[in-house]
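Values quoted throughout were computed directly from the atomic coordinates according to the rules given, and no laboratory measurement underlies them. All values derive from a computational prediction rather than experimental measurement. Because the Cβ atoms are built from the backbone with ideal geometry, glycine has one as well, and the counts that use them run over all protein chains shown.
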Amino acid sequence: MDKKIKDLLSQLTLEEKAGLCSGKDFWRTKPVERLGIPSVMVSDGPSGLRTQHDNGFNENDSKTAVSFPSGCATASSFDRSLLNHLGQILGEEANNYNVSTVLGPAINIKRSPLCGRNFEYLSEDPFVAGELGAAYINGVQSKNVGTSVKHFAANNQETNRFSVSEEIDERTLREIYLPGFETCVKKSAPTTIMCSYNAINGELSSQNKWLLKDVLRDEWGYKGMVVSDWGAVYDRVKGIKADLSLEMPYSGGHTDNDIVQAVKNGTLSMEELDEAVSHVLEMVFNYVEHKQSGVFDMEKDHAESARIAEESCVLLKNDDKVLPIKVSAEKVLFVGYFAENPRYGGGGSSKIKCYKMTSAIDAAREAGLNVKYVHGYNDDFVTTTEALTNQAIEAARNADTVVVFAGLPESFETEGADRTTLDMPQVQNDLIEKLAQVNKRVVVVLHNGAPVSMPWVNKVSSILECYLGGENIGTAQVNLLFGKANPCGKLAETFPLRLEDTPCYLNFPGNGRTSIYSEGIFVGYRWYDSRKMPVLFPFGYGLSYTTFEYSNLKVSKAAFRDDEEIEVSITIKNTGSVEGKEIAQLYVSDKTGVEVRPEKELKGFEKVNLKPGESKTVNFKLNKRSFAYWNTDIGNWYAPSGTYEILVGSSSRDICASVKVDVTSSSKKAFTITPQTTMGDMLRNREMAKLITPAFEAACNFIIGDLSDEEFAKQYPFTKEAMVEMIKSNPFRCDRGKNGKTLEMILNQVDEYNRALDK
């Protein structure tokens, strides 16, 4: 805490301090004019600025801004530099509008494809969410504009989001739902972190001391300010104690008075209040004292929106190389109202009043392309007429290539409500089926914020997933369809075949009061790959107009301690005829058998641009966290000693090269030994096995010895193998009475083992 903040704290009245802990209105902090403390403004993000005019906060009253691709799209770029660049643009725009903080990025895990806000979130994988989120934050904050990473934590559904309790065990929290935030804190030091609406294991995030103070502040070392999601506060005093500094929006003075009364009656200390106020003051003065001038060139940023979308679209299918379309030699038909009026962003707090919209029809015309267009369905996206359908079918008969623009209307997915199905509107599915019956070259271009089912997947030639691609998505679509750009995005989430296949199908969104995370750590590809389940499209998947070859996988060390870093490299070659970008993905598979773990987990990704025939070496660095799981017995990250496999490929289902390494744990003790511990528990761990092996071998020798199978069968009603497993599974307490062992002797032996491991 610097001298200026300390001086201000000494001059502020109790009432002024309490007032600084909530907003002035919907978007501004309170000023204290007599002490020169100004009010600063925040703005919704993260895919564009939803900055409100002074006379209101209705979305229709927001200032014009450029709408960039949503998080569901940009995550598919797997491109840290691209997310950083997007952040820099938004930082420039924010400075132009005098916005101190952009409310983003949104990095919650996509637990279910039905979550209504998935369009805003980045991935089902915490490594992707953290790496890309940190890159975005660093970009925004390079312009001295703050960010607000949201929503901390486990905001994975919209149903009853203000009150539902997400019931999650600690290992699952640590491995899936918290690491993205941890990465952002440690790699980018976000100005603020926004707590979520929901409760976690019965405690609202806005007053959850374990979450906000113990983990975020004390364990991760976070130095910034925690702000509430808008309307998330219930017990303001408890929130202050838990490290929630700023409540938004304005509470009408009620919670300010709660703080004042709590200080007066001694239930809240002045030191606790000063801590909260200091974070608010630091946020305010860091902005106003270092504010940069901002340039908001909307035309330039509109063009950048298209380039970012190009990097983010995913080519899911391209049979017979129907794409790219050869416009000079083909009669091309565009079908579907999305071609004229694309859905460019998500509904709710991230909906932008965009600068201008460029549709695929607009872009085709601007490029001078001779493309015919028919609506195919009504402008509500969910109804049609016989005339519209027949017109589309007849036009398709006479076209060389048919491009159908389809997807989810805003009414199907938006903040505040979850989806109930993976299906697109039936009229769109029916239209695609009918067009595929009369033309073999049907391309489907999708506009959606989350996975959809595709009953026609085997009947069309090509599928281009564009997600919600921002206000200039039409330019990106035309560039990709006609080969001016090469698709290079890959899915940051799994597309399942059926809703019933999804990990949390039986528990999403819960009973209204709680949502039980019974799938645990098995979220997304961790679930599908571990169960060897067929999927529509796997995590990390995406095609290109060129081809790539992986070779020469190397590791800097084949055996190492878990506290050492290792380097992994692989060579990628463009074996096709056009320039393209490949996203190499590194996964780690635990072969030790010590703990139940997913088949493999993503621990690295790199995007590389290659000209035809060009080769480049891609490098990764791995550390202890790359191999570790959260061990609840020791309350820390733990990488068991043993064999791990490093796998590199183009998706979670397309592994091109692998190598095995041996890791030695820096911790001898995987858990505390108790009378309930078995020899088998200890034998699964390399270090603990050294301790128990002599006793295990003695027990086996005592019972089995040199008995032949026939002699053994006369004494025991099962096999030698079964006897060995029984010896492994007997807990120490079962030795009581054997060879005169008392309970005291067993407890002493247990203590002796623990002391040996502690040395």
- By the C-alpha gyration tensor axes a ≥ b ≥ c (rounded if a/c is under 1.5, else prolate when a/b exceeds b/c, else oblate), the shape of the chain is oblate
- Quote the FRET efficiency, to the nearest 0.05, computed for ILE516 versus ASP218 with a Förster distance R0 of 41 Å and r equal to the Cβ-Cβ distance. 0.90
- Query: Can you count the Lys pairs in region 188-297 with C-alpha separation below 23 Å, eight or more apart or on different chains?
  - Reply: 12
- Principal semi-axes in Å for region 134-243 [√(5λ), Cα gyration tensor, largest first]: 22, 15, 14
- Task: Mind listing the long-range amide H neighbours of VAL444? Cut-off is under 5 Å, sequence gap 5 or more, other chains count too, H placed in the peptide plane at 1.01 Å from N.
- Result: VAL404, SER462, ILE463, LEU464
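Once you list every other residue whose beta carbon is under 11 Å from the beta carbon of MET688, what net charge do they have if Lys and Arg are +1 and Asp and Glu are -1?
Net of charged neighbours comes to +3.
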- Query: For all pairs of alpha-carbon atoms in region 319-361, what percent lies in each bin of width 5 Å, listed from the first bin to the last filled one?
  - Reply: 5, 16, 17, 19, 15, 11, 8, 7, 1
- Return the FRET efficiency for the residue pair SER411, LYS353: r is the Cβ-Cβ distance, R0 is 25 Å, and the value is rounded to the nearest 0.05. 0.85
- Message: Over 10 Å intervals from 0, what percent of Cα-Cα pairs in region 689-759 sits in each interval?
- Response: 16, 44, 29, 10, 1
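Just check region 535-643 against the gyration tensor rule for me: Cα atoms, a ≥ b ≥ c as the square roots of the eigenvalues, rounded for a/c under 1.5, and otherwise prolate or oblate depending on whether a/b exceeds b/c.
prolate
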- Item | For ASP423, residues with placed amide H under 5 Å, excluding near neighbours | SER453
- Query: Amide H neighbours of PHE605 under 5 Å, counting only residues 5+ apart in sequence or on other chains, H built in-plane at 1.01 Å?
  - Reply: LEU586
- Item | Local electrostatic count, SER165, Cβ distance below 9 Å [Lys/Arg +1, Asp/Glu -1] | -2
- What helix-only [θ] at 222 nm does the chain give? Using -39500 (n - 2.57) per DSSP H run of at least 4, over all residues, to the nearest 500, the answer is -9000 deg cm²/dmol
- Query: Got a sec to turn the phi values of region 464-477 into Karplus ³J(HN,Hα) couplings, 6.51 cos²θ - 1.76 cosθ + 1.60 with θ = phi - 60°, whole Hz, x for Gly and Pro?
  - Reply: 10, 8, 9, 6, 10, x, x, 5, 10, 4, x, 5, 4, 4
- Query: Sorted by average packing, counted as other Cβ atoms within 10 angstrom per residue and highest first, what order do 650-661, 147-158 take?
  - Reply: 147-158, 650-661
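Sorted by mean Cβ packing within 10 Å, highest first, what order do the peptides 482-489, 560-567, 668-675, 72-79 take?
Top of the packing list down: 72-79, 482-489, 668-675, 560-567.
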- Message: Please list 3J(HN,Hα) in residue order for region 219-227, calculated via the Karplus relation 6.51 cos²θ - 1.76 cosθ + 1.60 where θ = phi - 60°; whole Hz, with x for glycine and proline.
- Response: 7, 8, x, 5, 10, x, 10, 9, 10
- Query: Can you list the residues of region 646-678 with backbone N under 12 Å from a point 7 Å past the Cα of LYS186, pointing along Cα to Cβ?
  - Reply: none
- Task: Calculate, for LYS621 and LYS300, the FRET efficiency according to 1/(1 + (r/R0)^6) with r their C-beta to C-beta distance and R0 30 Å; round to the nearest 0.05.
- Result: 0.25
- Query: On full extension of the chain, what length is gained from VAL382 through THR643, given 0.36 nm per residue of separation minus the C-alpha to C-alpha distance?
  - Reply: 88.6 nm
- Once the dipole of the chain is set up with Lys and Arg at +1 and Asp and Glu at -1 on Cβ about the Cα centre, which of VAL263, SER228, HIS302 lies farthest towards its positive end? HIS302
- Note on the structure: With ALA722 itself left out, Lys, Arg at +1 and Asp, Glu at -1 over residues whose Cβ is under 13 Å from its Cβ give -1
- Query: Residue by residue through region 544-556, which ³J(HN,Hα) values in whole Hz follow from phi under the Karplus form 6.51 cos²θ - 1.76 cosθ + 1.60 (θ = phi - 60°), with glycine and proline marked x?
  - Reply: 9, 7, 10, 10, 9, 10, 9, 7, 6, 5, 9, 10, 5
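Structure shown: which of LYS557/LYS616; LYS490/LYS554; LYS186/LYS690 lie over 28 Å apart, alpha-carbon to alpha-carbon?
Beyond 28 Å between Cα atoms: LYS186/LYS690.
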- Message: Nothing charged except the Cβ atoms of Lys and Arg (+1) and of Asp and Glu (-1): what's the magnitude of the dipole of region 144-233 about its Cα centre? Round to the nearest 20 debye.
- Response: 400 debye
- Sorted peptide list for 518-524, 113-119, criterion being average Cβ within 10 angstrom, highest first: 113-119, 518-524
- Sort region 385-464 into rounded, prolate or oblate with this rule: let a ≥ b ≥ c be the square roots of the eigenvalues of the Cα gyration tensor; rounded if a/c is under 1.5, and if a/c is not under 1.5, prolate when a/b is larger than b/c, oblate otherwise. prolate
- Any chance you could run the full-extension gain for ASN265 through LYS484? It's 0.36 nm times the residue separation minus the Cα-Cα distance, nm to one decimal. 71.9 nm
- Task: Please list, or write none, the lysines whose alpha carbon is within less than 22 Å of the alpha carbon of LYS738, excluding same-chain residues fewer than 8 places away.
- Result: LYS720, LYS728
